[in-house]
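In what follows, a single structure is set out as structure tokens and then discussed.
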2 protein chains.
Amino acid sequence: MMDQLKNGALCGVKILDLTRVLAGPVCTMMLADMGADVIKIEIPGKGDDSRAFSPFQNGESAYFMNLNRNKKGITLNMKAPEGKKVFLEMVKKADMVVENFRPGVMDRFGFGYEELKKINPGIIYGAVSGFGHTGPYSQRPGYDAIGQAMSGLMSTTGWPETIGTRIGTPMADYLAGQSAAIALLAALHYREKTGEGQKVDIGLMDAGIASMQVIQPYYLVEGRLPQRIGNRYESNYPTDGFPTKDGQIMVSAANDKLWRAMCRAMGREDLEISEKTATNKERLQNWQWIREQIINWCGDMPTAEAVEALLEGGVPAAPINNIEQVVNDPHTKAREMFVETEHPKAGKFTMTGSQLKLSRTPVTYRTPAPALGQDNEAVYGEWVNMTPEEIAAYKEKGVF
Amino acid sequence: MMDQLKNGALCGVKILDLTRVLAGPVCTMMLADMGADVIKIEIPGKGDDSRAFSPFQNGESAYFMNLNRNKKGITLNMKAPEGKKVFLEMVKKADMVVENFRPGVMDRFGFGYEELKKINPGIIYGAVSGFGHTGPYSQRPGYDAIGQAMSGLMSTTGWPETIGTRIGTPMADYLAGQSAAIALLAALHYREKTGEGQKVDIGLMDAGIASMQVIQPYYLVEGRLPQRIGNRYESNYPTDGFPTKDGQIMVSAANDKLWRAMCRAMGREDLEISEKTATNKERLQNWQWIREQIINWCGDMPTAEAVEALLEGGVPAAPINNIEQVVNDPHTKAREMFVETEHPKAGKFTMTGSQLKLSRTPVTYRTPAPALGQDNEAVYGEWVNMTPEEIAAYKEKGVF
């Protein structure tokens, strides 16, 4: 039980992690941040493709270091008969196996869920793929860009004059990774109540679709397609972005009360009584004119001053921050969203912190992302009782 | 234990749900979809603001019906002394309390985590807010648009000629709701091991920041700001979107092998041996020229034909779907991402399905979103042993 208290909420949960690149690794990263014992299994001599993804710090991939902190690293050749045997031995002791291969790959290794559950009925098997393990597109390659395109996410992002627009971070991967973590933890709860494991099957396309739940009814109920309207909202005005002297602000004066507060904050009490802006209906009709009035007010004002005036007046407002502004913001510092760590090769390295804030079992940043195979001795010793000599022999043979 | 099997992985988990609108409700929706007993608590006579959000079907909000399926609905005046007492009685029997008020509101009700844990040390308290419960911006209003702006998400989305661009679905709300579900389920695991509850504190801004983990290193490591580059990737070419005769396609030929496959799929074997496209480095330098070659190929071709040719050649490709195309796609049907249900007032209603696919305990759509206070008798009877007469008297007094 003391061990439970040491490393977080999931301390003691044993996870075999076959994931690569992003959607899978971000799932197991969150579980590892919360204390789970995640064993990252990589191909001998090669490792996760993302070890070669830029940017680099002293030759180490920041991409890889971010996503694989708190994980132990071992190498295993799953095509070698000895490798298969070792893996299946480890499955007996694991709580979860997580992978993000294309559907069918694990079956060809002999490691599909149906096989694994024969040797460990309680195993929880997590799969993340582009389209999930069922349905006609199951075998298609699934990259983030493909998930964003096919789910409809791109179609409602952008401007009237642009085509459907990709979100500037691999959002389909993130949504899928988070969805996998949710389903795996629910399955863990169920396993603890019943002893029964199961398979979790998350698709990037599904995950993107689920995030559009409040947009799809415009088509499903009203039969019309939401258009790309930039930063405005369809449902109210002014929720919109506006240029300032030195940047841009986002404002959300989403109802009559907030609109009147905004008029006062801008020193435009005349707009409060204008027929053009009386209710949301009129404001939606006259949005272009209202937009001009707002730009007249803030267009030559520093962003910070405009945001402060609006917030003081009780109007939801924010700068449209770039990454430099986010990283150096006092709030993100207070929330520990960027964390200085030490990596044996990269040196001082600033990672993105976890958004998962738990009071009694806060996430911890215990170990940097592993070098390829660095934990072979410790893990194979503990999990399958191999001696250093046996491990060295397997390394020689290309099994580890 | 039979009950465990009936309604999903979280069957038996009791959740008092004070959330409104989106970020909180989507969290408790996912938990309810997986079988948790979610009691949605609303203000008497008024209810969740989102009951009034368009679009409507027979007067019922599709927004509300989507997000509140599988939940029971009760009304409670938390400002009335009797209401406070009833709530605190219910907290004694609950596993979780989830809310998305502005920080401090629950404290003023006398329902802050510190108070609730005095009467139930095992209670898991989930809070979702714009900026979290700590840090200098904690008291600022937190809407999705504000979270998207401040987290940096907008700054990397869009086109060279546009300003930072809002994602066309309330993504900060979704990311925060998912993050809350992850942390709450980890806390539930911990509670089952130790008996100890805790507080989960999720901020929209934090959740947005976490989703940009693979973008921030460009600034953190290299000191440069990622620009808005539309649908291209910085790291390889061609991952990009292209116009077709009747729409747009997204392609991700992210490495040499895929690029060569793409040349063959386009019938442009000459490009395979062109110095302009030899490696990713050259392709990034000459992306505009390559883009022209690709548009020459697909610009007059139907989307379906272009996608099929690329997929057959082994190149990741997809249509940039609009919502109509997504809803009517055979794959989304096979994955049950749109679910026909029956609502007592709205009638036949198509909801967005859950992306959480669990093999042994699949999500279920058991009940439509509740009418305001529809479960007062059942819930208050079961949780605090009130008789129908007592409940009617409290309703009369405005407590329920």
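The values are calculated or read from the model by the stated rules, or taken from the named source; none is laboratory data. The structure displayed is predicted, hence computed values, not measured ones. All Cβ positions, even for glycine, are placed from backbone atoms using ideal geometry, and neighbour counts span all protein chains on display.
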Considering only the stretch A:295-327, state which residues are within 12 Å of another protein chain (Cβ to nearest Cβ), in contact with a strand residue (DSSP E or B) (Cβ under 9 Å, 6 or more places away or on another chain) and not aliphatic (A, V, I, L, M). A:T303, A:E308, A:P316, A:P319, A:Q325
Do you know which residues across the stretch A:140-152 are facing chain B (nearest Cβ under 7 Å) and either in contact with an Asp or Glu (Cβ under 6 Å, 6 or more places away or on another chain) or of a type in the set (A, V, I, L, M) (or both)? A:A145, A:I146, A:A149, A:M150
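Inside the stretch A:1-99, counting only strands (runs of 3 or more DSSP E) that do not spill past its ends, which hold 3 or more residues that are over 30 Å from B:Y233 (Cα atoms)? Reasoning before the result, please.
Working: elements: A:14-17, A:37-42, A:71-75, A:96-99.
In the stretch A:1-99, A:14-17, A:37-42, A:71-75 are the strands (runs of 3 or more DSSP E) which contain 3 or more residues that are over 30 Å from B:Y233 (Cα atoms).
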Only one of B:G126, B:G177 that is crowded, with 24+ Cβ neighbours inside 10 Å, part of a helix (DSSP H, G or I) and more than 9 Å from chain A (Cβ to nearest Cβ): B:G177
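Please work out which residue is farthest from the chain's Cα centre (by Cα), limiting yourself to the stretch B:33-49 and to residues that are surrounded by fewer than 19 Cβ atoms within 10 Å (Cβ to Cβ) and farther than 20 Å from B:G112 by Cα.
Across the stretch B:33-49, the extreme among qualifying residues is B:G45.
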Looking at the stretch A:237-247 only, could you name the residues that are touching a helix residue (DSSP H, G or I) at 6+ places or on another chain (Cβ under 7 Å) and facing another protein chain (nearest Cβ under 8 Å)? A:T239, A:P243
Does B:G59 satisfy the condition of being in contact with a Leu (Cβ under 7 Å, 6 or more places away or on another chain) and at pLDDT 95 or above? no
Assess whether B:E234 counts as being among the charged types (D, E, K, R), in contact with a Pro (Cβ under 8 Å, 6 or more places away or on another chain) and at pLDDT 95 or above. no
Please name all residue pairs, on different chains or six or more residues apart, with Cβ atoms under 6 Å, provided the first residue is in the stretch A:196-216 and is farther than 21 Å from B:D144 by Cβ and the second residue is hydroxyl-bearing (S, T, Y) and assigned to a helix (DSSP H, G or I). A:K199/A:Y113; A:I202/A:S179; A:M205/A:S151
Against the definition (without any contact (Cβ under 8 Å) to a residue 24 or more places away in the chain and either at the interface with chain A (Cβ under 7 Å from one of its Cβ atoms) or over 14 Å from B:G126 (Cα atoms) (or both)), how does B:T169 come out, yes or no? yes
B:Y137 - would you say it is in a loop (DSSP other than H, G, I, E, B), within 14 Å of another protein chain (Cβ to nearest Cβ) and either among the charged types (D, E, K, R) or crowded, with 21+ Cβ neighbours inside 10 Å (or both)? yes
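Taking the condition of being more than 7 Å from chain A (Cβ to nearest Cβ) and either crowded, with 24+ Cβ neighbours inside 10 Å or within 21 Å of A:L67 (Cα to Cα) (or both), how many residues in the stretch B:206-236 meet it? Give the steps one after another, and end with the answer.
Restricting attention to the stretch B:206-236, the residues satisfying the condition of being more than 7 Å from chain A (Cβ to nearest Cβ) are B:208, B:223-224, B:227, B:229, B:232-234, B:236.
Then keep just the ones that are either crowded, with 24+ Cβ neighbours inside 10 Å or within 21 Å of A:L67 (Cα to Cα) (or both); that gives B:208, B:223-224, B:233-234, B:236.
Result for the stretch B:206-236: 6.
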When the stretch B:155-174 is examined, which residues are found to be out of contact with any helix residue (DSSP H, G or I) (no Cβ under 7 Å at 6 or more places or on another chain), surrounded by 24 or more Cβ atoms within 10 Å (Cβ to Cβ) and part of a loop (DSSP other than H, G, I, E, B)? B:T157, B:G158
Can you find, within the stretch B:256-285, the residue that is surrounded by the most Cβ atoms within 10 Å (Cβ to Cβ) among those that are out of contact with any strand residue (DSSP E or B) (no Cβ under 9 Å at 6 or more places or on another chain) and touching a residue at least 40 places away in the same chain (Cβ under 8 Å)? B:R283
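Across the stretch A:315-331, which residue is surrounded by the most Cβ atoms within 10 Å (Cβ to Cβ) among those that are part of a helix (DSSP H, G or I) and hydrophobic (A, V, I, L, M, F, W, C)? Full working, then the answer.
Restricting attention to the stretch A:315-331, the residues satisfying the condition of being part of a helix (DSSP H, G or I) are A:323-327, A:330-331.
Next cut, hydrophobic (A, V, I, L, M, F, W, C) only: A:323, A:326-327.
Details: A:I323: 22, A:V326: 24, A:V327: 19.
Per the criteria, the residue is A:V326.
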Residue under question is B:V21, and the condition is that it be of a type outside the set (G, A, S), touching a strand residue (DSSP E or B) at 6+ places or on another chain (Cβ under 7 Å) and in the same structural domain as B:T352 (by TED's automatic domain parsing); does it hold? no
Read through the list (1) within 14 Å of chain A (Cβ to nearest Cβ); (2) charged (D, E, K, R); (3) in contact with an Asp or Glu (Cβ under 7 Å, 6 or more places away or on another chain), then give the number of the only condition that B:E60 fails. (3)
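Any residue in the stretch A:183-194 that is more than 7 Å from chain B (Cβ to nearest Cβ) and at pLDDT 95 or above?
Yes, that holds for at least one residue.
Give the stretch B:332-366 a look and list any residue that's more than 7 Å from every other protein chain (Cβ to nearest Cβ), touching a residue at least 24 places away in the same chain (Cβ under 8 Å) and either under 30 Å from A:I123 (Cβ atoms) or assigned to a strand (DSSP E or B) (or both), or say none. Before the answer, list the steps.
Kept after step one, since they are more than 7 Å from every other protein chain (Cβ to nearest Cβ), are these residues of the stretch B:332-366: B:333, B:336, B:338-349, B:351, B:353, B:362-366.
Next cut, touching a residue at least 24 places away in the same chain (Cβ under 8 Å) only: B:339, B:341-347, B:349, B:351, B:362-366.
Of everything in the stretch B:332-366, those that are more than 7 Å from every other protein chain (Cβ to nearest Cβ), touching a residue at least 24 places away in the same chain (Cβ under 8 Å) and either under 30 Å from A:I123 (Cβ atoms) or assigned to a strand (DSSP E or B) (or both) turn out to be B:V339, B:T341, B:E342, B:H343, B:G347, B:F349, B:M351, B:P362, B:V363, B:T364, B:Y365, B:R366.
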With the first residue restricted to the stretch B:376-400 and required to be within 17 Å of B:D17 (Cβ to Cβ), and the second required to be of a type in the set (S, T, N, Q) and surrounded by 14 or more Cβ atoms within 10 Å (Cβ to Cβ), Cβ contacts under 8 Å at 6 or more apart or on different chains are B:N376/B:T75; B:F400/B:T75; B:F400/B:N77; B:F400/B:N376
